[in-house]
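Bear in mind these aren't lab numbers, they're just calculated from the coordinates by the rules spelled out. Not measured: the values here are computed from a predicted model. Don't worry about glycine lacking a Cβ; one is built from the backbone with ideal geometry, like all the others, and counts go over all protein chains shown.
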Amino acid sequence: MRLRASLATKILLVFGGAITVSLLAASLAPLLRMNAIVDEGQYDLSRLMAAAWDQLDRQAAGGKPRWHEAGHDSQHAGIPARRLSLEQARGLAKDDAFLATALEQFERDPTRVEFHSARRGLTSFDYRYARAMRTGPANDQKLDGVILLDRRSKEASQLLLVNLAYLVAAGLAIVLFSLTAFYFLADRLILRPVRALTATAEKVREGDLTIRSEIRTADEFERLSETFNSMLGDLHSTQNQLRSINQALDTKLNELAESNVALYDAAKLKGEFLANVSHELRTPLNSIIGFAELLLEIARAEHASAMGGGEHAASIQKRIRYLENIVVASRGLLELINSLLEMARLEAGKIDIRVEKLSLRDACQGVLGLIAPLADKKRITLKLELADDLPVIETDPTKFQQIIFNLLSNAVKFTDPPERSGKPGVVTLRAERLVSAQAGTDVDRVRVSVIDTGPGIPPDEQERIFEKFHQLDRGHTREHAGTGLGLAITRELAGILQGDVTLFSEVGRGSMFSVILPVKMDPELAAEIQLEARFRGKVARRRTWF
């Protein structure tokens, strides 16, 4: 877990650490030099003591050097020194590393006359001093022996400790003074502006955009304060603009809510009107169609039995023409009512799926027979292309036949007869199996296509024609009547049957609508589709606009 520390603490830690390291590094050289000075003083003292002892010892011996036995000290004036012959020194050097080193230095360098060393303890220092005694001419002196001085100095240890204490005290004083001065400067130059900016930011966080930072340090903090104040001014202006925009949006939202409520009521009223009126219109409309067809048959029979031209025959022909117009208009109106009812049922989620086994061959032949009278009337040739290996599928036969009938009806409606287009009008119904891309798997889909030689559909319209009430030929003077619901209903029904509708068309060469369906519907998916459709229907009926 990361520890949190204030900026002041971080500054003191960093600066204090830097000062401490700098003082330690700076004190190391004086400390070493102090130790060297103390050692040099002690070496000088040892040299003087050895010289004084040598003089006193010679005076005691009558002016000549006196050799002492190994291990025997001859102290004069309290000086712990002794004179050793070369043989005595070599004998003692076997167990004395200092003496062995001194002899080696004296014998290797004839001009060297002294050798010394120090051993530091906690409360005292031990110093050893060896002085060479040589005889003979100046250019060829011979080593005869050594004067060995061993002594202990408490004063040197105390002097170094006192000096070290002074250094430590001075360093602590410098560190404390530096930290105090730096904290005062940092607090005045850095921490106070930071605290002021922090307090201003806290007020802004609480929602006060009118506050401004008042920092006058004539440095980067003042420029930061000015930038912060500029930002607050921009935020305040932006907030006022957003407040004005929100008020305008609230007004627009209320207007849209009222409009949506009105639209919802109108849509609800429209749905109820269509559902009620369509049912009421179909019964009298069927009667009108039935009586008009009956009158048409009677008129045709009278026309057949009438002899010659005459006014009576002309009157019968006019009556036949009027009755045919009534039948055609009535059937178109019935088709419109049926389309509206079907779309209303789909939007309301009233979907009943009855899965049965269906022979594609029989179903295609049956639907083609239903559309044959309309094609014969326009002198359009119908073709049926069925693959030899068509399977028996499991789907809803009624909805499947409605899909294919809608596609065939559109193809016949929009395909011009030969006398108008100058080429044979052909509508082909093709059914085939689709093999899965993975080798060795069973057939799982079929494709039923309706191919026509009509005018084709532009690329920018190929997706829009599946929208409700959308037609390529719009306007009051369009040639082909219709509601624009056929393809929308077809796509909805194909989705209910777990399939899809595809389109491939080229202007001037015709169109191909294909329905791709599974050989066997998934029962779980069918149940989900029904449940989703019912849910959407309930939401559509209960939707409330705010």
Practice task
Sticking with the crude label model, points 7 Å out along Cα→Cβ, report the distance from Asp388 to Glu528 in nm, one decimal please.
Solution key: 3.9 nm
Completion exercise
Shape call for region 7-176, from the Cα gyration tensor axes a ≥ b ≥ c (a/c under 1.5 means rounded, otherwise prolate when a/b beats b/c, else oblate), comes out prolate
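Work out, step by step, the length gained on full extension between Tyr43 and Thr210: first 0.36 nm times the residue separation, then minus their alpha carbon distance; give nm to one decimal. Intermediate results must be reported in sequence, preceding the final value.
Details: separation 167, 0.36 × 167 = 60.12 nm, distance 7.95 nm.
Length difference between fully extended and current span is 52.2 nm.
For His303, His116, what's the fewest-to-most ordering of other Cβ within 10 Å of each Cβ? Walk me through the intermediate numbers first.
Numbers: His303 15, His116 18.
Going from least to most buried by this count: His303, His116.
If we count other beta carbons within 10 Å of each Cβ, what is the order of Thr180, Thr490, fewest first?
Values: Thr180 10, Thr490 22.
Sorted ascending by nearby Cβ count, the order is Thr180, Thr490.
Checking the a/c ratio against 1.5 first, then a/b against b/c, what shape does the Cα gyration tensor give for region 125-238?
Numbers: a/c = 8.00, a/b = 4.50, b/c = 1.78.
Prolate, because a/c is 1.5 or more and a/b exceeds b/c.
Please list 421-433, 397-409 highest first by mean number of surrounding beta-carbon atoms within 10 Å per residue. Spell out each step's value before the answer.
Details: 421-433: 16.6, 397-409: 20.9.
My ranking of the peptides, most packed first, is 397-409, 421-433.
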Exercise for the section: Evaluate the distance, in nm, between pseudo-label points positioned 7 Å from the Cα of Leu434 and of Glu297 along their respective Cα→Cβ axes. Expected result: 4.5 nm
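Of Asp352, Asp444, how do they rank once you tally other Cβ atoms within 10 Å and put the fewest first? List each step's numbers first, then the result.
Details: Asp352 10, Asp444 13.
Ascending number of Cβ neighbours within 10 Å: Asp352, Asp444.
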Handout entry: Where labels lie 7 Å past Cα in the beta-carbon direction, separation of Phe182 and Tyr264 in nm
Key = 7.0 nm
Fill in the blank from the handout: PRE zone check, label point 7 Å out along Cα-to-Cβ of Leu235, amide N under 18 Å, scope region 178-200, hits 194-200
